[in-house]
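Encoded as structure tokens, the structure appears first; notes follow it.
Please treat every number below as a calculation from the coordinates, not as lab data. Quick caveat, the model's predicted, so the values are computed rather than measured. Counting neighbours? That spans all protein chains shown, and the Cβs are built from the backbone with ideal geometry, glycine included.
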Amino acid sequence: MKKYILRRFVQILITLVIFQTILFIILDAQPGDITNLYLLNPKVTPEVREQMRVALGLDKPAIIRYFQWLGNFVQGNLGVSFTHYPRPVMDIILERAPRTLSLFLTNQMISFALGYFLGKQMAWHRDTFFEYSLTIVGVVLYTIFTPWFGLMMIYLFGVQLNLLPIGKFLDPSLWRGVEVHANTIFYYMILSVAVAAFIYVGLVILTRKTNRTARQIVRTGGLLGLIALIVFIWSQTAYGYLAGDIVKHMILPVLVSTLVSFAGTMLLMRNTMLETLREDFVMAARAKGLSEHVVRDKHAARNAFLPVFTNLIISIPFALSGGIITETIFSWPGMGLTLLQAVNLEDIPLAMGTLSFVGVLALTAHLVADVAYAFLDPRIRYQ
Amino acid sequence: MNKKTLLAVLSILLVGSFLLSACQNAATPAPTEEDMVEETEPPVVDETEMASEEAPAESDAAKDLDVYRIAMLADMTSSNVWNLFGPGASTYNYVVQALYWPTLYGLSDQRFDLIPFLASDFSSPFEEEGEFFVTTIGLKEGFTWSDGSEVTADDLAFTAQVVKDFQLGGNWDYWLAGVDHIEAVDSKTAKIYYTSKPGLADHEYGVLQNSIVQKAFWEPKLADAYLVIEAAADMDPESDDYIAAVTEAQTVLYGIPADGEPIAGPFMYDQWEVGAFVENAQNNDYFFKGTMVELFDDGTYHEYKEGEWEFTAYGESSGDVILSFENGPFAKAIVYSIYNQDAAVLALLNGEVDYIYNPNGYGPGLRAQLDGNSEVQVVENARNGWRFMAYNFRNAPLDDIAARQAIACMINKDFLTQSVLQGAAIPVNTPVPVGQPFWYNPDVPILCDGMSEQERMEWSINLLKEAGYTWDTEPTWNEDRGGSVDWGVGLKMPNGEYVPELTLLAPSAGYDPLRATAGVMIEQWAQSIGFPVNAQLTNFNNILNETLGGGGNWDMAISGWSLTQFPDHMCDFFLVEYGADFAFGAYENDELSQLCSEFKSTTDLEYAKEVGYQMQDILATELPYVYLFANPVQDAFNLANVEYPYLTVLGGLENLYGMQINVYSAE
């Protein structure tokens, strides 16, 4: 196992270098550079523009810039943003990542849980009205034009019903005069959820061997209890209402991105589950006289889970940059919006930094998925 | 742990959690918007008192606005003043911060007359002192920084010296305009030493309108940056090492945090939640707060503070007052929230913001939404700028005035703007927009003005024939189908060669549908008289690269400029000796060059106007650019919450960053 992980790690490093090289070539091939933005300002003379190019290292040949970039990347230095000059790219990524993480991890978890559960039920209730209707709903949501859907949801919930905010991640009227920054709240919110998730996973492991009814009571009760506990703890702090404000602003973007993305998981789970249900071991389980829910949940669903789980792990890093549309529609200043603006304004270091960050996470996720396979599927043994 | 125990523990945990949540202290609720408004409402005033001599003060209170909420489409990126007016220049940085720092002079409301701000009066005429041209400027007494200290000539001298030492460009003019140094004669008198006599562009519309920073705050912060500069002192200024050292010093300078910097403008920094909002608080000690401003129809500008001071310029106050208002600020705070354009419009419709700072304009859909709300008003104003088509003088036959005029004549701007673009743009015919009445020449010739399509075609063909052009098949007017041009084929230049295919670059429809449509129409019009024009709708960056960037693969290009109040763009956009890369069309004209020399160097405003009139004549005839149209500035604001002392102004509220100083409560 150790050997396998080591070998995969080396492979990932090589892939990373290739990824960085392709990334550099593609972004560097864009016509012009950041100083083009100043072509339209008569007060920025050619001399000043040249000075800026020197300052930003754009006067050097591409091959030198490439090796400089690679060297700096290895040292964790992603350079300086042109549009936020002279602010380090890493600084900007660390500022934006928590906001995207909060939004899209929530979305990923909800859409995964929903997709997994409904996909399982759809396969189990094959050829029923339930399956047909959910398939239609799923396909519609999966193929819907997200910007239009997002704007319609804003119009409905934000303007017509006036229930939810129409954009941003906070309400300035609540945050005026507040000493603490939103990112601090985001960090603590992520920490709270991480601790709760850790406890819940422990709870799940502890209740593995208990009977079904007790297990369901403890797990459901534990989940609700943890949520109540988090709400209680936050409400006792001076900044609980700020966290509440962020959560309120998250509802609409999470709802939209969940509705758009859960269908993919649901349809994948349905298909793999249908395949699994045709397997001999499922028939054997039924023949043994096991109850329907045991056959469904323990024998069929667990085996169908593998590709769905892989899909989840691989998609999490891309959620960091893939939320461009959602973040743009909801004025949510996370990684996606940052990447879009960086590319539009030819802020090459920021664009490369953002994509590199996502690239590293994606490769790490592949490694995690490979290793997790061994635990999830006892038939897999790495050599 | 057995199952029962585990179940019991978790059940207790669950119940406990719910109980704790239910019993939480409700005495410390989160502040709501209503709470905050209530707390900041002005105290109730007895009506009997309102009729007494306190009336003016009450009138001020009535104008007070708790918070002016501006939606903007991007965040600010820097709060370092040196960076802000250099590489960090961006419209969103300026919306929030441009008013922080004092300037010697500024431009008046609505008419944009040059008027003293920090200066007590106009600068003295230039005198020669040794090798320098020197002017003396007095500063106002009582003009203070937000920390209570006076703004002094030392601050001015220090700012200019830093700009010069670090060779700062961009919107800093002290170095590039040829200031050798500024001397603080005393705390309220400064002498500016130029190496050569500056013109209006460099002096009045350059150095005198540059920002001034507080020496006491910045001097100790610049030590590290100065170490880099000092290390380069012995290097050859032309060497790469020297340039590298200067750029390194600039980087250090731009990275210095400016937390707590004293300002002297109407608003000061209060809070910045990156990506969400910025807040400015009112500077209660702003010098001009409460100043009365009057504009007269004879051109007089008059401002005064009752019993304290008075200033009059550009006339004798003999005509009627056409604009009168009291200077603010009235808003206690300004909150700049960041939205995308669609969300900003919804926020305005919902009453969440009072004004949208939106340089992108509104498409028909958004405009319809705004117009459909009775609490929202959209005002349109002329834009200080235009869309144009440039000719590349390097390529025949565009170096020939006959070819340029023939194509220009075929462009029916009224038809283009009214029928094709459905009134989304206003036709433009002159280098200086009509909205700049001081500089605009009303007698500038307009080619083929008012002609029908047939008359345009005939005029263009006659012009080309006279210049020696011939066709294999000459274009003719066909009366069938309501009348149209039967296209000419095989247009030959006077030297007998066929006119080569001409590439017309225009922005793609995704970037700007108006210019893309104009490009397609111009292609058709030019082709109808035989010019083989091929319109390429392309990425705007490609157009920049081919034109200003020096790529050179173009014959005609459609682009646009925003203009400055001082119209020296009539030189910079056309003549290489003034505009360098900006004069990308390679146009040359000795007469214009001579006029530009006078225009740039004169310090006499009336003489500059006279020269400017002649320059407009030349440019409208020679046509290095064909001026096409301007799309009006559209400003949307919430009528129920805010009012402005005036709404008609060149460039609209957008050009004034939402008129933050003078906006007041609609209640």
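Could you line up B:K289, A:K2 from fewest to most neighbouring Cβ atoms inside 10 Å?
Numbers: B:K289 18, A:K2 7.
So the residues, fewest neighbours to most, are A:K2, B:K289.
Rounded to whole numbers, the Karplus 3J(HN,Hα) couplings from phi for segment B:165-180 are 4, 9, 6, 7, x, x, 8, 8, 9, 3, 7, 5, 7, x, 6, 7 Hz, using 6.51 cos²θ - 1.76 cosθ + 1.60 with θ = phi - 60°, and x at Gly and Pro. Panel values: the protein assembly as shown, Kirkwood radius from alpha carbon pairs, Stokes-Einstein at 20 °C and 1.002 mPa s, translational diffusion coefficient 64 µm²/s. The peptide list B:359-369, B:149-159, put in order of mean Cβ contacts within 10 Å with the highest first, becomes B:149-159, B:359-369. On C-alpha positions alone, give me the angle between the axis of helix B:401-410 and the longest principal axis of chain B, in degrees, nearest 10. For helix B:401-410, the angle is close to 70 degrees. Annotation: amide H of B:L65 within the under-5 Å range of B:A331, B:K332, B:S665, sequence separation 5 or more or interchain, hydrogens built in the peptide plane. Values of log10 I(q)/I(0) for chain A across q = 0.10, 0.11, 0.13 Å⁻¹ run -0.83, -0.99, -1.28, by the Debye formula with one identical scatterer at each alpha carbon and no solvent. The distance from the alpha carbon centre of segment A:347-379 to that of segment B:354-406 is 46 Å, rounded to a whole number.
Counting Lys +1, Arg +1, Asp -1, Glu -1, what net charge surrounds B:G450 among other residues with beta carbon under 13 Å of its beta carbon? Before the final figure, lay out each step's value.
On the way: positive: B:K413, B:R456; negative: B:D414, B:D449, B:E453, B:E455.
Local charge sum for B:G450: -2.
Once you reduce segment A:183-203 and segment B:159-228 to the center of their Cα atoms, the two points are 53 Å from each other.
To the nearest 10 degrees, how steep is helix B:240-254 against the longest Cα principal axis of chain B, on a 0 to 90 scale? So the inclination is approximately 40 degrees.
Computed from Cα atoms alone, the Kirkwood hydrodynamic radius reported for segment B:365-440 is 15.6 Å. Amide H contacts of B:I322: B:L295, B:F296, B:D297, each under 5 Å away and 5 or more positions distant or on a separate chain (H built 1.01 Å from N in the peptide plane; Pro and chain starts excluded).
Two numbers describe the Cα atoms of segment A:88-194: Rg and Dmax, which are 18.8, 59 Å. Which lysines does B:K215 reach when only Cα atoms under 20 Å apart count, and residues fewer than 8 places away in its own chain are ignored? Leaving aside lysines fewer than 8 places away in the same chain, those within reach of B:K215 are B:K140, B:K164, B:K188, B:K191.
Legend: mean number of C-beta atoms from other chains within 10 angstrom of residue C-beta atoms, peptide A:171-183, equals 6. Per q in 0.13, 0.20 Å⁻¹, report the Debye log10 I(q)/I(0) for segment B:327-414, using one uniform scatterer on each alpha carbon and no solvent. Calculated log10 I(q)/I(0) at the listed q: -0.67, -1.02. Shown for A:M90, B:M521: other C-beta atoms within 10 Å of each C-beta, ranked fewest to most, produce the order A:M90, B:M521.
Taking amide H positions as modeled 1.01 Å from N, with prolines and chain starts lacking one, the residues under 5 Å from B:V376 and 5 or more places away or on another chain are B:L639.
For the residues B:D224, B:D342, B:D236, what sequence is obtained by ranking on other C-beta atoms within 10 Å, fewest first? Can you show the working numbers first?
On the way: B:D224 12, B:D342 21, B:D236 9.
Taking fewest neighbouring Cβ atoms as first place, the list is B:D236, B:D224, B:D342.
Applying 1/(1 + (r/R0)^6) with R0 = 45 Å to the Cβ-Cβ distance of A:Y187 and A:R7 gives a FRET efficiency near 0.80.
For segment B:402-528, what ratio Rg/Rh do Cα atoms give with a Kirkwood hydrodynamic radius? Kindly include the intermediate steps, with their values, before the conclusion.
Details: Rg = 16.1 Å, Rh = 16.2 Å.
When Rh is taken as the Kirkwood radius, the ratio is 0.99.
Report summary: the helix-based calculation at 222 nm, which adds -39500 (n - 2.57) for every DSSP H run with n ≥ 4 and divides by the residues of chain B, gives -8500 deg cm²/dmol.
Axis angle, to the nearest 10 degrees, between helix A:46-55 and the longest C-alpha principal axis of chain A: 50 degrees.
Compute the projected area of the convex hull of the Cα atoms of segment A:160-264, averaged over all viewing directions, and report it in nm² to one decimal place.
It is 9.3 nm².
With the gyration tensor restricted to C-alpha atoms of segment A:101-152, the semi-axes of the equivalent ellipsoid amount to 24, 17, 6 Å, longest first. When the P(r) of segment A:73-122 is calculated, the portion above 13 Å amounts to 69% of the C-alpha pairs. Show me, for segment B:541-549, the HN-Hα J-couplings you get by feeding each phi into the Karplus relation (A = 6.51, B = -1.76, C = 1.60, θ = phi - 60°), rounded to Hz, glycine and proline as x. Whole-Hz 3J(HN,Hα) from phi for segment B:541-549: 4, 5, 5, 4, 5, 6, 9, 5, x.
If you wrap the Cα atoms of segment B:588-667 in a convex hull and average its projected area over all directions, you get 7.8 nm². When the Cα convex hull of segment B:214-264 is projected onto planes of every orientation, the mean area is 4.0 nm². Computed from backbone phi with θ = phi - 60° and the Karplus coefficients 6.51, -1.76 and 1.60, the 3J(HN,Hα) list for segment B:593-599 is 4, 5, 5, 5, 4, 6, 4 Hz; x is used for glycine and proline.
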